[in-house]
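S.K.: Structure incoming, see below.
The values are calculated or read from the model by the stated rules, or taken from the named source; none is laboratory data. This structure is a prediction, so every number in the text was calculated from the model and none was measured. Here the Cβ positions follow ideal geometry from the backbone for every residue, glycine too, while neighbour counts run over all protein chains shown. Each accessible area value is taken on the protein alone, full model and side chains, heavy atoms only, with ligands, DNA and RNA left out. Shrake-Rupley method; radii C 1.70, N 1.55, O 1.52, S 1.80 Å.
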Amino acid sequence: MELIKKIEQENLRKENFDFNVGDTIRLSYRIKEGDKERLQDFEGTVIYINEGGINKSFTVRRISYGVGVERTFQYHSPRIEKLHVVRRGKVRRAKLKYLRDRQGKAAKVKEKTNY
């Protein structure tokens, strides 16, 4: 068991990203297409964070051409190049799955004014 924990500790991300549920983030994700690699930006609202050591993940939702797109990223993945918080959200829930049923202005999260 100690061997597994040691390997997990080696693969954990050294820098911490400071974001919470409800925040709008922009992250650059490294994508491999054939033999080439490129960075693709994905900007959206964090609707939930799944804790769990090396398995920590978070889901980002955005509206693209009128269709809701959700993408789950592994927090400790080496493919995440950078993560930038665009704006902080003011929420009272740990998981914002209710945003899936909303459209337009109703799908927006209020901005936190003092942080």
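S.K.: What's the extension gain from K97 to S57 if we count 0.36 nm per residue and subtract their Cα-Cα distance?
M.R.: My answer for the length gained is 12.9 nm.
S.K.: Continuing with this model, one more query. As a test of reading the structure, rank K112, K14, K6 by solvent-accessible area (1.4 Å probe, protein chains only), most first.
M.R.: Result of the area sort, largest leading: K14, K6, K112.
S.K.: In the chain, with Lys and Arg counted as +1 and Asp and Glu as -1 at Cβ, which of these residues, L99, Q74, T59, has the Cα nearest the positive end of the dipole, that is, farthest along it?
M.R.: L99
S.K.: A follow-up question, please. Figure the gain on full extension for D35 and L12 (residue separation times 0.36 nm, minus the Cα-Cα span) and round it to one decimal in nm.
M.R.: Using 0.36 nm per residue and subtracting the Cα-Cα distance, I get 5.6 nm.
S.K.: Taking the Cα centre of segment 76-115 as origin, sum charge times position over the Cβ atoms of Lys and Arg (+1) and Asp and Glu (-1), and report the length of that vector in debye to the nearest 20.
M.R.: 220
S.K.: What percent does the relative contact order of the chain come to when contacts are Cα pairs within less than 8 Å and at least six residues apart?
M.R.: 28
S.K.: Let me ask something else. Using a Förster distance of 41 angstrom, determine the FRET efficiency expected from the C-beta separation of V69 and N114, and round it to 0.05.
M.R.: Computed FRET efficiency for V69 and N114 comes out at 0.85.
S.K.: In whole percent, how big is the carbon plus sulfur part of the accessible area of the chain, probe 1.4 Å, protein atoms only?
M.R.: Of the solvent-accessible surface of the chain, carbon and sulfur hold 45 percent.
S.K.: Let me ask another. Give the lysines reachable from K110 as a straight Cα distance under 21 Å; neighbours fewer than 8 places away on the same chain don't count.
M.R.: Candidates past the 8-residue exclusion: K90, K95, K97.
S.K.: Rounded to the nearest 20 Debye, what is the dipole magnitude of the chain about its Cα centre when Lys and Arg each give +1 and Asp and Glu each give -1 at the C-beta?
M.R.: Approximately 660 debye in magnitude.
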